[in-house]
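These notes concern the structure reproduced below.
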Ligand SMILES: [Zn+2]
């Protein structure tokens, strides 16, 4: 389902954070000014963006500043007309905003799954056919090691894990990272040392991807 108002709000936020032809991007200094840091305490502090034609399709756009969080500096929250909150996480790297490892920082509206094959990426894993909240809940269980017995597909090429909702035909899925269609059927079991090895490999891979993205970003910002 496409929501033009939401797309427009995301576009506007992207141009605010990254800058456009007329304006430089938002800096950490600007963000602190907006939320009133440090006068208003050490956070998290919230700033609601003022009315703007680009925001007519959504209820509100808010910036949350986390001065004391080592991983996350800024959370952008776009609340749509249905009251659903779309969150994007950012970390200030000294010259711009990047997504912290394992978080979603792309400023595009989330395509909701519903009955179609929506694909969500959370903490380096992919979730197919789950509504956002459910996928986030499952990701949290997995992180805490409480989701033993859960079935997933594993891409043997890059150790990508794909968790799929019961309504999804797993046989038709491909790895979202490399398009490989030969995926292994796996079941989470945290007592199995092989799974822990998989997990370490997967985390390493996620870290490498994040570093590569950071390098590309820096190259783009600083020139060759
Ligand atoms: Zn793959």
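The values are calculated or read from the model by the stated rules, or taken from the named source; none is laboratory data. In this text the structure is predicted, and so the values were computed from the model without any measurement. Don't worry about glycine lacking a Cβ; one is built from the backbone with ideal geometry, like all the others, and counts go over all protein chains shown.
Observations on the model:
- Of the residues making up region 92-108, not a single one is in contact with a strand residue (DSSP E or B) (Cβ under 6 Å, 6 or more places away or on another chain), over 22 Å from residue 216 (Cα atoms) and buried (at least 16 other Cβ atoms within 10 Å of the Cβ).
- For region 120-131, residues that are surrounded by fewer than 20 Cβ atoms within 10 Å (Cβ to Cβ), in contact (Cβ under 8 Å) with a residue 24 or more places away in the chain and more than 21 Å from residue 208 (Cβ to Cβ) total 0.
- The set of residues in region 176-185 being in contact with a strand residue (DSSP E or B) (Cβ under 7 Å, 6 or more places away or on another chain) and either within 18 Å of residue 204 (Cα to Cα) or surrounded by fewer than 13 Cβ atoms within 10 Å (Cβ to Cβ) (or both) consists of 176, 184, 185.
- Pair list, Cβ < 6 Å and 6+ apart or interchain, from region 1-24 residues that are farther than 21 Å from residue 118 by Cβ to residues that are assigned to a helix (DSSP H, G or I): 12/54
- Tally, over region 34-49, of residues that are outside any strand (DSSP E or B) and exposed (fewer than 13 other Cβ atoms within 10 Å of the Cβ): 5
- Residue 188 vs. criteria more than 12 Å from the ligand (Cβ to nearest atom), buried (at least 18 other Cβ atoms within 10 Å of the Cβ), modelled with pLDDT under 85 and outside the structural domain of residue 85 (by TED's automatic domain parsing): yes
- Considering residues of region 151-171 that are away from the ligand (no atom under 16 Å from the Cβ) and surrounded by 15 or more Cβ atoms within 10 Å (Cβ to Cβ) only, the residue farthest from the chain's Cα centre (by Cα): 168
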